[in-house]
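What follows is one structure encoded as C-alpha cells, with my remarks underneath.
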Amino acid sequence: FTLFLGFIIDRMHHYLTKLIRLRSNAGSSKEEVEQLQKEKMQLKDKEEKASKELKRLQEEISTLSVNLKKLKSECEQKDKQLETADAHVIALQKQSADLLLEYDRLLEDNQNLQKQAQGYKS
C-alpha cells in the first residue's frame, strides 16, 4: 500500500508541477496576447491616420490637377491673344510703312506742284 501511495504522490507532484508551469505559461501567454492586442490597436490607429492622409493627398492632387488644367487653358488663351496681337502689330507696321511711302510720294508731288506754281508766277 505504501508503494502505491508513494506512486500516487509522485504522480500528483508531477501533475501539480506541470499545472504550475502551464499556469505560468498561460500568464505569460496572456501578457503576450495583451501586448499583441495593444500593437494591433496602434497599427489600426496608424492605418486610419495613413488612410486619412492618403485621402487628403488625393483630394489635393485632384485640386492641383484641376488648377493645372485651368492654367494650361489660360496659357493657351494668352498664347492665342499674343499671336493675334503680334499679327496686329505686323499689320500696323506694314500699314505704317505704306503710309510713310504715300506721305513721301505726296510730299514730292507737293514740292513739284509748288515748283510749277512758282514757274507760272515768274
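The values are calculated or read from the model by the stated rules, or taken from the named source; none is laboratory data. Since this is a predicted model, take the numbers as computed values, not measurements. Neighbour counts run over all protein chains shown; Cβ positions are idealised from the backbone, glycine included. For accessibility, only protein heavy atoms count, side chains too; no ligands or nucleic acids. Shrake-Rupley method; radii C 1.70, N 1.55, O 1.52, S 1.80 Å.
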task = Starting from the Cα-Cα distance between GLN93 and ASP45, subtract it from 0.36 nm times their residue separation and give me the gain in nm to one decimal.
result = 10.3 nm
Reachable lysines from LYS69, criterion Cα separation under 16 angstrom, eight or more residues apart if same chain = LYS78
key: Alpha-carbon Rg/Rh ratio, for the chain, with Rh computed the Kirkwood way   = 1.98
request  = Show which lysines lie in cross-link reach of LYS38 when reach means a straight Cα distance below 29 angstrom and same-chain residues fewer than eight apart are skipped.
outcome  = LYS30, LYS46, LYS49, LYS52, LYS55
key: Nearest 10 degrees, 0 to 90: helix 2-121 Cα axis against the chain principal axis   = 0 degrees
ask   = Which value, in debye to the nearest 20, gives the size of the charge dipole of the chain about its Cα centre, when Lys and Arg are +1 and Asp and Glu are -1 at the Cβ?
value = 1060 debye
task = At 7 Å along the Cα-to-beta-carbon direction for both VAL33 and HIS13, put a label point, then send me their distance in nm to one decimal.
result = 3.3 nm
ask   = Among the aspartates and glutamates, which fall within straight-line cross-link reach of LYS18, defined as a Cα-Cα distance under 18 Å, with same-chain neighbours fewer than 8 residues apart omitted?
value = ASP10
request  = Can you find, among TYR103, VAL89, PHE1, the residue farthest towards the positive end of the dipole of the chain? Put +1 on the C-beta of Lys and Arg, -1 on that of Asp and Glu.
outcome  = PHE1
request  = On the full set of protein chains, 1.4 Å probe, figure out the accessible area of VAL33 and give it in Å² to the nearest 10.
outcome  = 80 Å²
task = Could you please state, rounded to a whole Å, how far the C-alpha centre of segment 76-121 is from the C-alpha centre of segment 1-55?
result = 102 Å
note = Over the chain, with neighbouring protein chains present, the accessible area per residue in Å² at probe 1.4 Å is 98 Å²
request  = With a 1.4 Å probe and every protein chain kept in, tell me what percent of the accessible surface of the chain is carbon plus sulfur.
outcome  = 60 percent
remark   = Comparing THR63, THR84, THR17 in a Gaussian network model of the chain (Cα, 10 Å), the one with the largest mean-square fluctuation is THR17
remark   = Helix-only [θ] at 222 nm, the chain, -39500 (n - 2.57) per DSSP H run of 4+, per residue, nearest 500, equals -38000 deg cm²/dmol
query = Between GLU60 and THR84, what is the FRET efficiency for a Förster distance of 41 Å, r being their Cβ-Cβ separation, to the nearest 0.05?
reply = 0.70
